[in-house]
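Reviewing the structure listed below.
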Amino acid sequence: MLLITGADGQLGTELKFLLPRALCADVTDLDITDEKKVLSFVKENKVDTIINCAAYTAVDKAEDEPEKCRAINVTGVMNLAKTGAKIIHVSTDYVFDGHGYKPYVETDATNPVSVYGRTKLDGEIVLQNLAQTCIIVRTAWLYSPYGMNFVKTMQRLGAEKEVLNVVADQVGTPTCAFDLACAIAGLLPNMTEGTKQLYHFSNEGVCSWYDFAREIMKLSGLKCRINPVPSQAYPTKAKRPFYSVLDKSKIKSSGIQVPHWQESLEKCLKKF
């Protein structure tokens with residue numbers, strides 16, 4: 001049996017559509033921070049493979065709730081690993097400090113600069129140490145028609161305001177949750193016993209949040225003007241990596257398709 005944790009989130013929802021036979025659980029069904037409940041749930045449902053989409057992702061709030069963030073992103077992953085199931089786990093570009101100047105490959109040195117980033121990296125390490133079979137997929141700038149995300153926020157504000165200021169000095173690549181779900185589903189056949197792999201996946205191309213916002217307005221038919229501003233104009237509790245473009249060469253060599261972010265954004269907005 002295949003289990004999807006965090007099944008009500010953006011990625012989990014897309015995976016539910018792609019993998020209708022999977023057992024789906026969100027926090028109300030399974031608290032991954034409770035070791036006994038996790039072990040019992042997996043045993044009772046004869047789960048042999050887990051796609052872990054459960055995560056604490058409130059980046060700024062994590063600075064004030066480090067224990068809660070760690071409980072989900074580290075202890076929760078540890079509990080899943082202890083079940084002995086094969087695991088595909090979703091991680092983040094925030095494991096890097098963003099001081100690079102070229103797309104990050106899987107073997108590049110990590111150096112997270114936030115509580116969220118540190119807990120996600122620690123979750124990776126715990127999984128690789130405890131799981132017999134695991135695949136970690138790092139992603140970035142996730143959006144979908146479900147839940148709260150940057151695209152939905154821009155559409156809402158763009159309909160309300162004539163002008164918006166958006167950060168232009170943080171560079172990365174948006175990721176459509178549907179594309180990531182397809183990539184993860186495509187990796188399932190690679191889960192042979194003893195496999196331990198780390199992949200990067202985001203959509204192709206490079207942009208700033210400012211570029212992303214402009215494209216959202218254009219494709220949404222909104223007349224809101226977007227002004228580029230530096231990060232200093234919007235100070236946040238948690239530091240963000242200024243450059244977090246991910247190199248997808250490794251996952252593409254596995255036969256996974258990686259669409260361009262503009263193409264995927266256009267397709268996704270038609271579902272909104």
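The values are calculated or read from the model by the stated rules, or taken from the named source; none is laboratory data. None of the values given here were measured: they were computed from a predicted structure. Backbone-built Cβ (ideal geometry, glycine too); neighbour counts: all protein chains shown. Side chains are part of the model used for accessible areas, which takes the heavy atoms of the whole protein and leaves out ligands, DNA and RNA. Shrake-Rupley method; radii C 1.70, N 1.55, O 1.52, S 1.80 Å.
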Per the Cα gyration tensor, the stretch 173-248 corresponds to an equivalent ellipsoid with semi-axes, largest first in Å, of 32, 18, 9
Below 8 Å between Cα atoms, with a sequence gap of 6+, how large is the relative contact order for the stretch 150-251 in percent?
49 percent
So for the pair residue 44, residue 148, with labels modelled 7 Å out along Cα→Cβ, what separation do we get in nm?
3.2 nm
Using 19 Å as the cut-off for backbone N distance, which residues of the stretch 227-257 belong to the label zone defined by a point 7 Å from the Cα of residue 64 along Cα→Cβ?
234-240
Over the chain, with a Gaussian network built from C-alpha contacts below 10 Å, which listed residue (65, 204, 44) shows the highest mean-square fluctuation?
44
Qualifying aspartates and glutamates (Cα of each under 17 Å from Cα of residue 218; at least 8 residues distant if same chain)
160, 162, 263, 266
Gain on full stretching of the segment that runs from residue 129 to residue 271 - 0.36 nm per residue minus C-alpha separation
47.1 nm
Per residue, what volume in Å³ does the convex hull of the Cα atoms of the chain enclose?
120 Å³
Which shape class applies to the stretch 1-83: rounded if a/c is under 1.5, otherwise prolate when a/b exceeds b/c and oblate if not, where a ≥ b ≥ c are the square roots of the Cα gyration tensor eigenvalues?
oblate
Show that you can apply the helix-only estimate: for the chain, add -39,500 (n - 2.57) for every DSSP H stretch of four or more residues, divide by all residues, and state [θ] at 222 nm to the nearest 500.
-10000 deg cm²/dmol
With all protein chains in place and a 1.4 Å probe, residue 74 shows an accessible area in Å² (nearest 10) of 10 Å²
Relative contact order of the chain: what whole-number percent is it, with Cα pairs under 8 angstrom and at least 6 residues apart?
22 percent
The extension gain from residue 260 to residue 232, computed as 0.36 nm times the residue separation minus the Cα-Cα distance, is 7.2 nm
Among all the lysines, which ones have a C-alpha under 27 Å from residue 252's C-alpha, if same-chain residues fewer than 8 places away are not counted?
16, 86, 102, 120, 196, 267, 270, 271
Of the residues 144, 91, 220, which exhibits the maximal mean-square fluctuation in a Gaussian network model of the chain defined by a 10 Å Cα contact cut-off?
220
In a Gaussian network model over the chain where Cα atoms closer than 10 Å are linked, find which of 140, 233, 183 has the largest mean-square fluctuation.
233
Of all DSSP beta bridges in the chain, antiparallel share, percent nearest 5:
5 percent
Need the full-extension length gain, residue 252 to residue 195, defined as separation in residues times 0.36 nm minus the C-alpha distance. One decimal, nm.
18.7 nm
